[in-house]
1. Give me the one-decimal Kirkwood hydrodynamic radius in Å for the chain, with the sum taken over alpha-carbon pairs.
2. Once you keep just the Cα pairs under 8 angstrom separated by 6 or more residues, what percentage relative contact order results for the stretch 2-191?
3. Once each part is reduced to its C-alpha centroid, what is the distance from the stretch 3-75 to the stretch 136-174 in angstrom?
4. With a 10 Å Cβ neighbour count serving as the proxy for reagent exposure, in which order, fewest first, do 137, 81 appear?
5. Rounded, prolate or oblate: which fits the stretch 1-88, taking a ≥ b ≥ c as square roots of the Cα gyration tensor eigenvalues, rounded meaning a/c under 1.5, else prolate when a/b beats b/c?
6. Taking neighbour counts of Cβ atoms within 10 Å as a proxy for exposure, in what order, fewest first, do 136, 21 appear?
């Protein structure tokens, strides 16, 4: 019963997102935005079939597709960036923002502010900035930016550091993030359009 309710909620959110995209009257660009929505939905379906061992990969690319929708709508331009704009070092549980790439562009659109290249965030800090995981307020980043960073970091650990990732995937807050983020991130995207 609970899964059916979530599916219905997500369906109405997808409809709302498409409605918002169409309200921008993007002309030829509308196709790009709608294809990114379709791609995000496919990543979400794949996430539903994945275990926590590989799920963060699908979650992150779900977020990337939705970030592209915001870009196309707000900038009224095709999305051409191929770099993530983020990096992490092997065996570290922190992410560092680069000068160029998808994240710095996305964050500046969402917050109206640029983020300083070299700024670094660790898992615990990012978890503390995501309201559906912790109850903190007045964080240095909007929830949508913090969750995007955390999604990137978890995907990198899942992909390149499975031993380290295995230690984290039993953590209650990480599992709560993985479970709640698809719906909450989509709501944040709609709110920002």
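Bear in mind that the values in this text are calculations on the coordinates, not laboratory data. Treat the numbers as computed from the prediction; the structure is a model and nothing was measured. Note that each Cβ is placed from the backbone with ideal geometry, even for glycine, and that neighbours are counted across all protein chains shown.
1. Mean inverse Cα-Cα distance, inverted, gives 16.9 Å.
2. 22
3. So the two Cα centres are separated by 20 Å.
4. Lowest to highest Cβ neighbour count: 137, 81.
5. Taking the square roots of the gyration eigenvalues as a ≥ b ≥ c, the stretch 1-88 is oblate.
6. Fewest-to-most Cβ neighbours within 10 Å comes out as 136, 21.
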